[in-house]
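Comments concern the structure below.
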Amino acid sequence: MARYTGPRTKISRKFGEPLFGPDKVLEKKNYPPGMHGNMRRRKKTSEYGVQLQEKQKAKYTYGVLERQFLNLFKRASRSKGITGEALLQLLESRLDNIVFRMGIAPTRASARQLVSHRHITVNGSVVNIPSYIVKAGDYVGVREKSKSLEVITESLGNRRRNVYSWLEWDGAKMTGRFLNVPEREDIPENIKEQLIVELYSK
């Protein structure tokens, strides 16, 4: 399956949450998409359906495809600690997500594009793999030739200071540091990771 490129509001309405950031349409139409979305009485979702929906929500939120998501889950299940938390921590450690969290890009999709187009460096070297797992202590920055790109300067202009405790940002150098892997309570995404673990454990 290819990456979803359709209307984002439609997906947000499906889950009833602004998965891709603030959405004015979702505020007005806070019911599922479709011809009868506002009137349809839905049957009670099965346990499997609830678990599957949570996995889909996580995939859409982080922009990860099925095979990538499964590989991350397998990696998380091999690690020490709670599998669900380890999964979210791996998703947060992806390079495209960190570029987004640092404010270099306004969305994860645009962050993924910046990485793919070789505008981002890790420890001074260009990395063009969005799924690259950044390690604690690594420096993530904007390539020298790309510092004047409009999409980057605009995004950084709207950036809020020190929003995430596990990231450090130097505006003058356009470089940030991934201080540590975030704890579960620090990750703001509304994802019930235990349901995903239960789904894959069947």
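Observations on the structure shown:
- ³J(HN,Hα) computed for each position of segment 145-162 - Karplus, 6.51 cos²θ - 1.76 cosθ + 1.60, integer Hz, glycine/proline x: 5, 9, 5, 9, 4, 4, 4, 6, 5, 5, 5, 5, x, 9, 5, 8, 6, 6
- Annotation: the residues Phe69, Phe100, sorted from fewest to most other C-beta atoms within 10 Å of their own C-beta, follow the order Phe69, Phe100.
- Segment Glu168..Lys74, full-extension length gain: 30.9 nm, with 0.36 nm per residue of separation and the alpha-carbon distance subtracted.
- Using θ = phi - 60° in the Karplus curve 6.51 cos²θ - 1.76 cosθ + 1.60, the 3J(HN,Hα) couplings for segment 71-86 round to 4, 5, 5, 4, 5, 5, 5, 7, 7, 6, x, 7, 4, x, 5, 4 Hz; x is entered for Gly and Pro.
- Full-stretch length increase - Lys192, Glu144 - with 0.36 nm per residue and alpha-carbon distance subtracted: 13.4 nm
- Each of Arg161, Arg101 has some number of other Cβ atoms within 10 Å of its Cβ, and from fewest to most they run Arg161, Arg101.
- Cα pair distances of segment 94-180 binned at 10 Å [whole percent]: 20, 62, 19
- Mean-position separation - Cα centroids, segment 168-196 and segment 78-138, in angstrom: 10 Å
- Remark: segment 94-180 carries a charge dipole of roughly 80 debye about the Cα centre, counting +1 on each Lys and Arg Cβ and -1 on each Asp and Glu Cβ.
- Footprinting exposure proxy for Met102, Met174 (fewest neighbouring C-beta atoms within 10 Å first): Met174, Met102
- Where labels lie 7 Å past Cα in the beta-carbon direction, separation of Arg67 and His117 in nm: 2.6 nm
Coordinate-derived values only; no laboratory data. What you are looking at is a predicted structure, and each value in this text was computed from that prediction instead of being measured. Cβ sites come from the backbone with ideal geometry, for glycine too, and all protein chains shown count toward neighbours.
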